[in-house]
Amino acid sequence: MSLIPGLGIVRGMALTLRRFFQPKVTHLYPEVPAEISPKFRGRLQLLYDEHGTLKCETCFQCAQACPIECIDMGGVDTKGRFAVHWGASETYGERREESALRRAGRTVPDVAYEHWSPIDLSAVDAILHEADHDPRRLLEILGATQAAYGYLPVAALKRISFGTGAWYAMVYGTATYYHHLRFEPPARLAGADEPVAPTVESGRERVEADYLAALDQAIGPGSKRPAGRVN
Amino acid sequence: MTVVGRTWERLTIPGKILAVVIPLGAVLTAGLAILIAVIGGAVVQFLVDNLPLVRFVVAATIVLLMTVPSAFLIIYMEMKVIALMNLRYGPDRVGPFGSALSVVHGLKVLMKEDFTPTGADVPVFTLAPVVVYMSSVMSLLVLPFAPGLFGQDFNIGLLYFFAMGGLTVVGLLMAGWSSFNKYSLLGGLRSAAQVISYEIPLTLSVVGVILLAGTMSLNQIVLGQAGNLFDWYIWRQPLAFVVFFIAVTAEANRTPFDLTEADSEIVAGFATEYSGMRFGFFFFAEYVNVFIASGLTVAVFLGGWNAPFNWPWPVAVGLDPGSLGIGLLLLLTLGPPLAIVVLGLPFYLLNSRIRFWQALIIGFGLFNVIAVAAVLGLAFLSFDWVVGLLWFMGKTYVFVFTFVWMRGTLPRVRIDQLMGFAWKWLLPAALLNLFVTAFAILVLNR
Amino acid sequence: MTTRTPFDIPAHASTDDPRVTLDEQLGVFEPIPPYPPRTEREAEFYTLRDGEMFLNMGPQHPSTHGVLRVVLKIDGEKVVDLDPVLGYLHRGVEKLCENADYHQAICYTDPLEYISSLFCEWSPVMAFEKLLDVQVPRRAEYIRVLSGELNRIASHALFIGWFALDLGGLTPILWSFIERDEIVEMLAALTGQRMLFNYFRIGGVNGDLNHEFMSRLGTWMSKATHQINSNQALLNENEIFVRRARGLGVIDTATALQMCMTGPNLRATGVPFDIRRAHPYSIYPELDFDIPSRTEGDCLARYLLRMDEVKQSLRIIDQCLHRMPDGPVMAKLPRLIRPRPGRAYAAIEGPRGQYATYAISDGTDQPYRMRIHDPSFIHLQSVGLLTPGNLIADTMAIMASLDPIMGGVDK
Amino acid sequence: MALKPEPGAAGNLPAVIGEQRHLVEPIVVPNTLWQSSNPVAYNGGQASDITHLREFEASGAGRRDNARWAGPLEVIPTKADIVLDLIRANSLWPLLSGLACCAIEMMSAATSKNDMDRWGMFPFRASPRQADVLIVAGTCTTKMAGPLVRLWEQMPEPKWCVAMGDCTCSGGRYKRSYSTIQGIDRIMPVDVYVPGCPPRPEGLIYGMMKLQQLIKDRRGHWPERAIGPTVPEDL
């Protein structure tokens, strides 16, 4: 504070008047886009590979590691209910086309999958119907499924996940947690030949067998074949 | 069905409208003519006899209408000036340079829901903004804008002014009391304390001027300052000017004395519970008060409408349009088209991308600008009230800018500092000024 | 079955609801709790003497710095007594941290004192490093100090603006926000976020210095001193400001120490106590800077002291830039952190004072208990000591000068 | 096969909500996965989509003057509303209310660097009676929910609400906390969501510009506000 009363006020007013004529600092936002540094953490993005397919494998690890649960994987269950776990699905709505379901870690209603499924799933459907597709009775459903098949086939787990709206990870996790539930048929574990589960020989498997036979004929049996499924 | 009914049925909708409107109009016109013939003379005679009354009604209407655009202008000015002092651009979207934004704010406030709280004292709550606004408008009535351009020339003009200014506090107190809100109550009481304290130095500070001028009529005070820059009362009453300016800032509830609506202390002061247009009245009244405070400072201390120097080259326009005779008619009919073509031709010739009709439009615009400028220039030279109004408005808006500038710079004082300043500093200073002035007059006039 | 909706609860009823009659409203209006007083203090506070009334300030009030509710007992304009009601921003951070693993916990503590987030990360990170016994690389320490001091300046800039705003000045907050935005954009180039940086990691920092940050910092440093001094000229010499702040809310040394005050608020009373010097951590012992202190202990001293701290922070930044060593910015750590069972305490000097974390590990990947010591909470307690006898306007000034952040107070 | 949902089953929602969503239709998220052991503790065991405001709206007790002309005069403002909405959209006074971290960024959006005044959004009114927009900036805790709803109800029509930040949109990083509201659309209607933790000031300005667009698009039908979130059709 100066000796002359009012001098500080006059100085301040001179300062504001100087600022009145100085160049302004305002960033003209909508016309001039904001300068965002390359490291800025903005919106989460899913990455695609060069063929245009998603690189995400829906392993749920990011969703589980994220402390603030901003990564969401959700979907719509068979009864048309919104299976809301957490995240933004409430605010953004959910899509249920094939790619979205796959991204959400849900089983995809795929016709081709039916041919590959060697298991008759009507027993699972009946169990689900009895349990009212209720995910809270998951343990009961899994127990009944094991009782029906002798073990828990992966296809049945996927059907349970789809039917109840619970995550496949949750179903799988529950099944691995309890010791009385198993994924391998007990007969196979014991070294028996016959699989217990009833199988249906699908058309596609037959085609594949034919193809393999033709391949054997052409290049000789026992030769090196690429591992994995033949397309 | 009668003949009239059948004819009516056949008429189209415009026909029906015409069939109603034309006879109705005829009857009304005839009635009006008869009315004017019978009592028109008496009415005109009455108006002629009571010319001051007519003048008062007209002046009051004009002043009331004038407050709205001037408030809009000051609001825009405040937004823009403070923004520029804050190193930002301020409004720039609505209208050119955002100039329509204050109008948009005002219209929006008009359309908001008008809300009365459940516990409020409804009549008082409703009347408070009206009282505040009307007191501002009524004090504007005696402000001399230019020679011959004022609402009323009271011989107690200044006294009337301060009385009306004191009425504002009644409105604010009404608003504060009736809102049923403690913040409003605090704001209302603060404004009562503040305005009443500052009335005294405000009134005392102009007593010196009254002594010098020998009158309380604002018009006469301004006339007494005629001449050049050094005839203004600010040179003879510098201390009074300082006291007056500070007190008038407090009277208008402006920063640094805006305690009544201190955002950071009592939410919005007396206006906390007001919404919609009732709040708009308070909002407008504040800016009308800024205009009034500036105008009064200019009128009392800065010479009012008087120019700061005499124009050294007096220009006399001896143009008498009547002397042209038939030539005037020719000038009025042929002049504008010719001027439009002449003004538009250069654009047509010099730029090949401009079509002829576009050039004509440009010429028309230019002609209008030139014609308006010519008329205004003629008025400027011919009538001294135009000059006076320009000087008055120029000086007033310099003070409005100062108020806004202070708002952009200064923090708020505390209520005890505010009162202490009024009673310990301003009042003795005003009294000192009064005694010195009286003594000087006594000595010099002897 | 009778349905009981939240709307039927009278305390929630809006005064705009026509179903609410005036009698009920009058009960709503006075902030007297509906239950009988539980303590002597409560009974004394809620008894009105002649001429007194309650003024309920907050939780939404322009100058309570967030969502603090203060019930003022006033006699005219004079504050007789005061009762702060906290918890409007209680987010349960400590409990959330106990259910998150060590990396995730940093994310929860980040928004506590949201205008100085880096310090809210620094203290838990230091505590976890003590639990794990990790040696942080020197370059990481230098980067931590550099970014931390930048954040300190940004926080103090906001303090200046708020203090002036609570005293009624419009312009200073806009000018100080210009400086704050510059710093924050700079830190966004370094850390990836503007406010809640989440930059410090256990064993280092997330990402090295980059070109954009350095160029922005260089541009800013060249004009920072001039700009800050110029901004302060508006307030420091202003008679109205000085007269309002001087001699207001004086707290003496003994009381300040009794109230456990730290940071600028303690230093303004004449105790040059700074954790950076008293209990040195990081690389502060190597750096050359002063601990400013003032003896008045009033609002003006707290304000001016923070101005001095800004200058010291600029000095530290300058030294960091000149002495920045090469090397890695992260220590080698396992992906899953499981510290040995034990406990650790780490205190740092934040812009508001001692910001400390006490973490207990039980050997799992989640902290067994985390306790956060926040200076804002400590300093807010002294409002009750300072305000009675002052005016309503002074309450705001005192509260602003103590600079509490409600995120840190309520946690 | 039970792969497809049976149409018309009780309590079912339309399978694809995107098709039937009106501009102001709320998304209702019934809680079918979880139930409390004590039904009285949570809203009397009612379905969870009945919110405080929806019940209030249905009761008709909260009906207020919507500032429009009624009766035959209604024709006039219907046309005039286009102009009036232009005016409303260009004069949005926010309420000076910040809850937590996002409030700082809200202030930053209003100050010199990102100047919200350019759109006429600057005079932050301290009193809710004079505000047009409630920018809910920051974590809303259960203790703050009551005062916040009360603030919203004190604002006169026409009024709008902008949820700023992840905490107000959905709970954000404090979603798991016992003391926070997981998205303020559970307690009050929201017009625009601005996600981000916190969103950049430009984000808030963009949200406010979207709000201007929304006001103009609604063509004077702002009183017919739905309770709950509103989602644009093209999302």
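The values are calculated or read from the model by the stated rules, or taken from the named source; none is laboratory data. It should be emphasised that the depicted structure is a prediction, and the values quoted were computed from it without experimental measurement. Here Cβ is always computed from backbone atoms with ideal geometry, including for glycine, and neighbour counts include all displayed protein chains.
For region D:93-102, a residue qualifies if it is more than 7 Å from every other protein chain (Cβ to nearest Cβ) and buried (at least 24 other Cβ atoms within 10 Å of the Cβ), and the qualifying residues are D:P94, D:L95, D:C102.
Against the criterion of being at pLDDT 90 or above and within 14 Å of chain D (Cβ to nearest Cβ), B:F72 qualifies.
Number of residues in region B:279-303 that are aliphatic (A, V, I, L, M) and not in a helix (DSSP H, G or I): the value is 1. Considering C:D50, C:D81, the condition of being away from chain A (no Cβ under 14 Å), more than 17 Å from C:F200 (Cα to Cα) and at pLDDT 85 or above is satisfied by C:D81 alone. Within region C:87-145, the set of residues being within 17 Å of C:M330 (Cβ to Cβ) and of a type in the set (F, W, Y) comprises C:Y102, C:W122, C:F128, C:Y142.
Cβ separations smaller than 9 Å between residues 6+ apart or across chains give the following pairs from region D:140-157 residues that are within 14 Å of chain B (Cβ to nearest Cβ) and surrounded by 24 or more Cβ atoms within 10 Å (Cβ to Cβ) to residues that are assigned to a helix (DSSP H, G or I) and modelled with pLDDT of 80 or more: D:M155/D:P128; D:M155/D:R129; D:M155/D:Q130. Within region C:380-411, the set of residues being under 29 Å from B:L185 (Cα atoms) and either among the small types (G, A, S) or assigned by TED's automatic domain parsing to the domain that holds C:V70 (or both) comprises C:S382, C:G384, C:G389, C:A393, C:A397, C:A400, C:S401.
Inside region C:330-373, residues that are within 30 Å of the chain's Cα centre (by Cα), among the basic types (K, R) and not in a strand (DSSP E or B) make up a count of 1. Cβ-Cβ contacts under 8 Å between residues 6 or more apart (or on different chains), taken from a first residue in region B:116-142 that is within 14 Å of B:I62 (Cα to Cα) to a second residue that is outside any helix (DSSP H, G or I), are listed as B:L140/B:G151; B:L141/B:G151; B:L141/B:Q152; B:V142/B:F150; B:V142/B:G151; B:V142/B:Q152; B:V142/B:D153; B:V142/B:F154.
Return only the number of the condition from (1) part of a helix (DSSP H, G or I); (2) modelled with pLDDT of 75 or more; (3) more than 14 Å from chain D (Cβ to nearest Cβ) that A:Q217 does not satisfy. Answer for A:Q217: the failing condition is (2).
Just one of the listed residues (B:A247, B:A240, B:A193) is assigned by TED's automatic domain parsing to the domain that holds B:T168, out of contact with any strand residue (DSSP E or B) (no Cβ under 7 Å at 6 or more places or on another chain), in a helix (DSSP H, G or I) and over 21 Å from B:S294 (Cα atoms), namely B:A193. Of all the residues in region A:4-39, those that are part of a loop (DSSP other than H, G, I, E, B), facing chain C (nearest Cβ under 9 Å) and basic (K, R) number 1. From the residues in region B:137-193 that are among the aromatic types (F, W, Y) and closer than 14 Å to B:G269 by Cα, which one is modelled with the lowest pLDDT? Selected residue: B:F180. For the residues C:A278, C:A301, the requirement of being at pLDDT 90 or above and either surrounded by fewer than 23 Cβ atoms within 10 Å (Cβ to Cβ) or in the same structural domain as C:N236 (by TED's automatic domain parsing) (or both) singles out C:A301.
Just one of the listed residues (C:P37, C:P62) is assigned to a loop (DSSP other than H, G, I, E, B), surrounded by fewer than 17 Cβ atoms within 10 Å (Cβ to Cβ) and either within 12 Å of another protein chain (Cβ to nearest Cβ) or modelled with pLDDT of 50 or more (or both), and it is C:P37. When you look at B:V386, is it β-branched (V, I, T), under 30 Å from B:L149 (Cβ atoms) and crowded, with 16+ Cβ neighbours inside 10 Å, yes or no? The answer is yes for B:V386.
Looking across region D:103-132 at every residue that is within 22 Å of C:E185 (Cβ to Cβ) and among the hydroxyl-bearing types (S, T, Y), the one that is surrounded by the most Cβ atoms within 10 Å (Cβ to Cβ) is identified as D:T111. Listed by position, the helices (runs of 4 or more DSSP H) contained in region B:1-105 that have at least 1 residues being surrounded by 15 or more Cβ atoms within 10 Å (Cβ to Cβ) and in contact with a helix residue (DSSP H, G or I) (Cβ under 6 Å, 6 or more places away or on another chain) are B:51-85. Quick one: would you say C:T364 is among the hydroxyl-bearing types (S, T, Y) and either touching a residue at least 40 places away in the same chain (Cβ under 8 Å) or outside the structural domain of C:M126 (by TED's automatic domain parsing) (or both)? Criteria not met by C:T364. Scan region B:267-277 and tell me whether some residue there is over 15 Å from the mean Cα position of the chain (by Cα), in a helix (DSSP H, G or I), modelled with pLDDT under 85 and crowded, with 24+ Cβ neighbours inside 10 Å. Yes, there is a match, as at least one residue in region B:267-277 is over 15 Å from the mean Cα position of the chain (by Cα), in a helix (DSSP H, G or I), modelled with pLDDT under 85 and crowded, with 24+ Cβ neighbours inside 10 Å. If the condition is being hydrophobic (A, V, I, L, M, F, W, C) and within 19 Å of B:F399 (Cβ to Cβ), then region B:64-83 contributes B:M66, B:A71, B:F72, B:L73, B:I74, B:I75, B:M77, B:M79, B:V81, B:I82.
The set of residues from region B:218-258 being aliphatic (A, V, I, L, M) and free of Cβ contacts under 8 Å to residues at least 12 places away in the same chain comprises just one member, B:L223. With the requirement that a residue be touching a residue at least 60 places away in the same chain (Cβ under 8 Å), of a type outside the set (D, E, K, R) and more than 7 Å from every other protein chain (Cβ to nearest Cβ), what does region B:82-115 give you? Selection gives B:G106, B:V109, B:L110. Here C:R194, C:R152, C:R139, C:R180 are screened, and the one residue that is under 22 Å from C:M126 (Cβ atoms), assigned by TED's automatic domain parsing to the domain that holds C:P280, out of contact with any Gly (no Cβ under 7 Å at 6 or more places or on another chain) and among the charged types (D, E, K, R) is C:R152. Evaluation of D:R64 against the conditions (1) modelled with pLDDT of 85 or more; (2) facing chain C (nearest Cβ under 8 Å); (3) within 22 Å of the chain's Cα centre (by Cα) shows that the sole unmet condition is (1). Somewhere in region C:158-169, is a residue away from chain B (no Cβ under 14 Å) and either hydrophobic (A, V, I, L, M, F, W, C) or within 21 Å of D:A100 (Cβ to Cβ) (or both)? Scanning region C:158-169, I find at least one residue that is away from chain B (no Cβ under 14 Å) and either hydrophobic (A, V, I, L, M, F, W, C) or within 21 Å of D:A100 (Cβ to Cβ) (or both), so the answer is yes.
Being touching a Ser or Thr at 6+ places or on another chain (Cβ under 8 Å) and closer than 28 Å to C:M221 by Cα is the requirement here; does C:E179 meet it? Here the answer is no, as C:E179 does not meet what is asked. The C-beta contact set for region C:316-341 (first residue loosely packed, with under 11 Cβ neighbours inside 10 Å, second residue of a type outside the set (F, W, Y) and assigned to a loop (DSSP other than H, G, I, E, B), distance under 7 angstrom, 6+ apart or interchain) comprises C:L336/C:D365; C:R340/C:G363.
Among the residues making up region D:201-228, those that are at pLDDT 85 or above and under 30 Å from C:G87 (Cβ atoms) are D:P201, D:G203, D:L204, D:G207.
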